[in-house]
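**Student:** After the structure tokens below, expect a handful of questions from me.
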Amino acid sequence: MERDSSRGISDEEDGETSRKKLRLSKDQSAILEESFKEHNTLNPKQKGALAKQLGLRPRQVEVWFQNRRARTKLKQTEVDCEFLKRCCENLTEENRRLQKEVQELRALKLSPQFYMQMTPPTTLTMCPSCERVAVPPSSSSAASESRGHHQAIVPVHPRPVPVGPWGAAAATPIQHRPFDALHHRS
């Protein structure tokens with residue numbers, strides 16, 4: 001039988017013996033598990049020594065290790081699948097939240113009250129170094145330029161100017177229709 005195993009013939013393919021499921025004692029299982037923790041694959045020498053210690057054929061030890069690796073991989077796949085499901089759920093929720101926020105912003109953009117509350121911001125610019133609203137330089141403010149760019153900063157709006165979602169657009173001069181920058185996605 002050992003000779004058949006070394007030629008690659010498994011118990012199932014060997015017509016002389018009927019196929020029996022290997023039943024391991026608790027001690028054998030414990031030793032195999034301990035061995036697996038140390039090395040999840042065995043070289044032929046380790047396999048032979050372990051088989052001798054357990055009173056099994058090397059092929060039986062080899063098959064046990066293959067099955068154990070398969071079970072480990074399956075468990076890891078299940079863990080990964082659960083993790084990815086949670087990620088997907090979180091991303092779906094985040095997507096819903098962002099879609100709702102976009103709808104609210106679009107509704108706000110279309111609201112006539114929104115435009116009435118805004119003062120025409122055509123003369124305002126954003127200071128790129130400090131991200132504050134600044135009055136653009138003019139001929140009458142040449143003297144104040146020599147004192148530094150922060151001298152020209154004036155609080156124009158009683159509420160803060162949002163910088164967040166528009167990023168680079170906030171550093172450029174603000175135009176009559178502030179939402180035009182959002183329509184550049186073509």
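**Student:** Can you sort 111, 35 from fewest to most other Cβ atoms within 10 Å of each residue's own Cβ?
**Tutor:** With the sparsest Cβ surroundings first, the list reads 111, 35.
**Student:** While we're here: Among 36, 65, which comes first, second and so on when ranked by fewest other beta-carbon atoms within 10 Å?
**Tutor:** 36, 65
**Student:** Per residue, how much space in cubic angstrom lies within the convex hull of the C-alpha atoms of the range 69-116?
**Tutor:** Once divided by residue count, the hull of the range 69-116 is 40 Å³.
**Student:** Further question on the same structure: Cross-link list 47/85; 73/100; 85/109; 20/47: which exceed 29 angstrom alpha carbon to alpha carbon?
**Tutor:** Pairs exceeding 29 Å: 47/85; 73/100; 85/109.
Rule-based calculations on the coordinates, nothing more; no lab input. No experiment lies behind these values; they were computed from the predicted model shown. All Cβ positions, glycine included, derive from the backbone under ideal geometry; neighbour counts span all protein chains shown.
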